[in-house]
Number of protein chains: 2
Amino acid sequence: MHVTSTVNGVDLDRLSGTIDAVSADPALARFQFRARNHWIDGGYSRTTIKDFYGAGQEDDTRTEPFTVDTDEPPVLLGENRAPNTGEYVLHALAACVSGTIVYHAAARGIALDGVETTIQGDLDLRGFLGLDSNVRPGYEQIQVTINVAGDFDDDQFAEIASLIRYSPVRDIVSNPVPVAIDVTRA
Amino acid sequence: MHVTSTVNGVDLDRLSGTIDAVSADPALARFQFRARNHWIDGGYSRTTIKDFYGAGQEDDTRTEPFTVDTDEPPVLLGENRAPNTGEYVLHALAACVSGTIVYHAAARGIALDGVETTIQGDLDLRGFLGLDSNVRPGYEQIQVTINVAGDFDDDQFAEIASLIRYSPVRDIVSNPVPVAIDVTRA
């Protein structure tokens, strides 16, 4: 009899299978994610997301692309048709630290009843506007609070709190990523 | 008679008004964006985005929150209900460099006919899985290609290409941002 064990919605058989496969052949760990953005008007644009490469092959499980819109609020000369790009960064970071805790807690057999994450980022618009070269365009600081619920002891809670170190987006935001940008003309 | 001048969908009167206001009172440049993420199951979670602070006040122009979902593809133990967080980072970066070019070109009187941006990010899953401490969890590199169309000369094209330096998300991804994370228990 094969018993499937799922913790936090994560299939532990599949997770350990992934870990074993990647350990045996590190080339399977290579992933490339992709997106394509089409400018519409002002701060309004649309991104489509579909294909990616991972685990040794092009993924073909998505039959339709995801569509993600961006706009700005009126104070930033948009029409509130969608969140702005700085807000999407906060979304990605909050969802990633939460999901990282969920997966790694599952691998350790720690069941969670809930994870609620709040996040805020502070920036000075003078950076974007180019009014002061000493002011960076991006966030000066980001604050995240993750509230986890579950029946775990103090040692397990300490371990849960330490799991954020595995979060990809936390690493991307906290540490430098080489970004090569090529501007071409049609 | 008041003539409104709009370039690239950007209202130049309002843009110059913003620049003048922020130059006169730098406190107006302070913005704080926010998001709240609710874990649902496995890699599936939902973020709500609504309020922010900017230009000296709490914004009240959004009557309903935006909802942004995250999931993973099957190979990462999800069900493809939404893009994953690494893809949202690519979306935010692509849309931000595009929008930054659009706004700054408008301020310089350069009209654009189109902006198409493609982006890809490479990562090694061993970082997330904690299998090799020498492998970072996040992207090892990101490649962006921005194709701009319009009736501009070579000098203007060179200026357009240089405008990416003002992009907030490019700064956030390329350079370190201090991220403070507090994990609490319910």
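General remarks:
- Helix axis angle, A:85-107 relative to chain A longest principal axis, alpha carbon, degrees: 10 degrees
- Compactness relative to 2.2 N^0.38 Å, alpha carbon Rg of the protein assembly as shown: 1.00
- Accessible area per residue (1.4 Å probe, heavy atoms of protein chains only) ranks B:E87, A:E140 as A:E140, B:E87, with the largest value leading.
- Residue-averaged 222 nm ellipticity for the protein assembly as shown, from DSSP H runs of 4+ at -39500 (n - 2.57), nearest 500: -9500 deg cm²/dmol
- Mean projection area, nm², convex hull over Cα of segment B:117-184: 7.1 nm²
- Whole-Å semi-axes of the ellipsoid equivalent to chain A (Cα gyration tensor, √5λ, descending): 34, 23, 16
- Between copies, the label points at B:R185 (set 7 angstrom from Cα along Cα-to-Cβ) are spaced 6.3 nm, reported in nanometres from shortest to longest.
- The label-point distance for B:D11 and B:T145, in a model that sets each label 7 Å from Cα toward Cβ, rounds to 3.7 nm.
- The radius of gyration of the Cα set in segment B:1-82, together with its Dmax, comes out at 19.3, 61 angstrom.
- Rg and Dmax of segment B:18-62, both derived from C-alpha coordinates alone, stand at 15.5, 49 Å.
- 13 Å reach of a label modelled at A:D132, 7 Å along Cα-to-Cβ, counting backbone N of segment B:147-165: none
- Angle in degrees between helix A:12-24 and the longest Cα principal axis of chain A, rounded to the nearest 10: 80 degrees
- Zone of B:A180's modelled label, taken as backbone nitrogen in segment A:139-166 under 18 Å from a point 7 Å along Cα→Cβ: A:139-147
The values are calculated or read from the model by the stated rules, or taken from the named source; none is laboratory data. Computed from a predicted structure; not experimentally measured. All Cβ positions, even for glycine, are placed from backbone atoms using ideal geometry, and neighbour counts span all protein chains on display. Surface accessibility is based on the protein's heavy atoms, side chains included, excluding ligands, DNA and RNA. Shrake-Rupley method; radii C 1.70, N 1.55, O 1.52, S 1.80 Å.
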